[in-house]
Amino acid sequence: MKFNTRTIHGGQKDTDPAYGSVMTPIYQTSTYKQSTPGGHKGFEYSRSGNPTRSALESLLASIENGKFGLAFGSGLAAIDAVLKLFKPGDEIISTNDLYGGSYRLFTKLFEGLGIKFHFIGMQNADAIEEFINENTKLIWVETPSNPMMSIIDIEAVSKIAKKHEVLLAVDNTFATPYLQLPLDLGADIIMHSATKYLGGHSDVVMGGLVVNDEKLAEKLYFIQKASGAICGPQDCFLVMRGIKTLHLRMQRHCENGEAVANFLRSHPKVDKVFWPGFKNHPNHDIAKKQMKGFGGMLSFSTKENTLESAIRIVENLKVFTLAESLGGVESLAGHPASMTHASIPKEERIKTGVVDSLIRLSVGIEDEEDLIADLEQAIN
Ligand SMILES: *Cc1c(COP(=O)(O)O)cnc(C)c1O
């Protein structure tokens, strides 16, 4: 089946043998009747497995061209599960321009447990090799990155990972499988904050992982069950419903993203616009090669370039809502320096380009004229 068909039908076969309901039922149960000790129909207890969650997990695997999917209570819970594959002394190389919560989890929790992290720029994949040694176990990539929209060549990084027998994980939250398929490009693990585009309606917090390797899947299933950071069936239902329109929403996010990026670029008060669809974006060629479109995420700075000017703009927006998060049907604006990236030390933040005046937009699927008019009045 092709992608648009899989978003609707992937992993959704016969999920209601009792009545044949077309939608996967919400199995709101913690436990399952056994006919004899151990005699069950595949489910024993909802931490280790729930039919609604199983349906979503197969759907996640299906849309990412993977074999095994796992759902968690949040994106960070999914990352936490990946990091529990490792032990003290192991080393992880990560992109330096990444989601603030991931950075916090890496440095404030797992560094304390003895895992060593190297945060580096990966726009030139060859730069990774000098950080690899016999303790290196994982390369962590976020592309497009947050909030600078840099693009990392997944295929190039995967060649290096394979050469040194290191796992490669890709946070595919921004691109979604509609735009980019990291497993096909050589990644071993895909991570999602399903809170964003997969859910798509800003009404649920959830995380997901997709892998192809059976042994790796078994280890992750064990961690999911043993640590217990699972999500409830109601939330699984909502994310499944969201994914059914992923392809339609992403198409419009891309169109509106392009319109807003072009408007901002031509605005006299705007300084820089970071959007991978621009020909002069430093990684445009890689974006074109590995992505089907350029998405609805972008960021920009103003010529006035002060904290005050950025705050004034985001406070004056009326159609865009000032809020954390992204990927919903509605347009959101954020101020990374004081919101999503506040947990990253200022020197680190500025080094990666997150200046005080930077504004990040998650362009929704409203009418583009209304979005542009809103930005125009707020900037002026
Ligand atoms: C939101 C986000 C996360 C964390 O996911 P939660 O669902 O909020 O725990 C991780 N990576 C990226 C790129 C995100 O945008």
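The values are calculated or read from the model by the stated rules, or taken from the named source; none is laboratory data. The structure presented is a predicted model; accordingly, all values stated were derived computationally and were not measured. A quick note on method: Cβ atoms are made from the backbone with ideal geometry, for glycine too, and the neighbour counts reach across all protein chains shown. Note: areas computed on protein heavy atoms with side chains; ligands, DNA, RNA excluded. Shrake-Rupley method; radii C 1.70, N 1.55, O 1.52, S 1.80 Å.
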Choice from E308, E111, E255 with maximal GNM fluctuation in the chain (Cα, 10 Å cutoff): E308
Using DSSP to define loop residues, name the GluC sites (Glu not before Pro) in segment 117-149 whose beta-carbon has at most 11 other beta-carbon atoms within 10 Å. E134
Give the percent of DSSP beta bridges with both residues in segment 1-152 that are antiparallel, rounded to the nearest 5. 10 percent
Placing unit charges on C-beta atoms (Lys and Arg positive, Asp and Glu negative, everything else neutral), compute the dipole magnitude of the chain about its Cα centre in debye, rounded to 20. 780 debye
Given springs between every Cα pair under 10 Å in a Gaussian network model of the chain, which of I120, I139, I128 has the largest fluctuation? I120
Of all accessible heavy-atom area on segment 246-379, the percent that carbon and sulfur account for (1.4 Å): 52 percent
If you wrap a convex hull around the Cα atoms of segment 305-370, how much volume per residue is inside, in Å³? 88 Å³
I want the antiparallel fraction of DSSP beta bridges within the chain, as a percent rounded to 5. 50 percent
What percentages make up the Cα-Cα pair-distance distribution of segment 246-379 when the bins are 5 Å wide from 0? 2, 11, 20, 24, 21, 15, 6, 1
Could you work out the relative contact order of the chain, using alpha carbon pairs under 8 angstrom and six or more residues apart, expressed as a whole percent? 17 percent
In whole angstrom, how far apart do the alpha carbon centroids of segment 350-370 and segment 280-336 sit? 1 Å
Of K272, K41, K163, which is the most mobile in a GNM of the chain whose springs link Cα atoms less than 10 angstrom apart? K41
Which percent of the Cα-Cα distances in the chain go past 26 Å? 51 percent
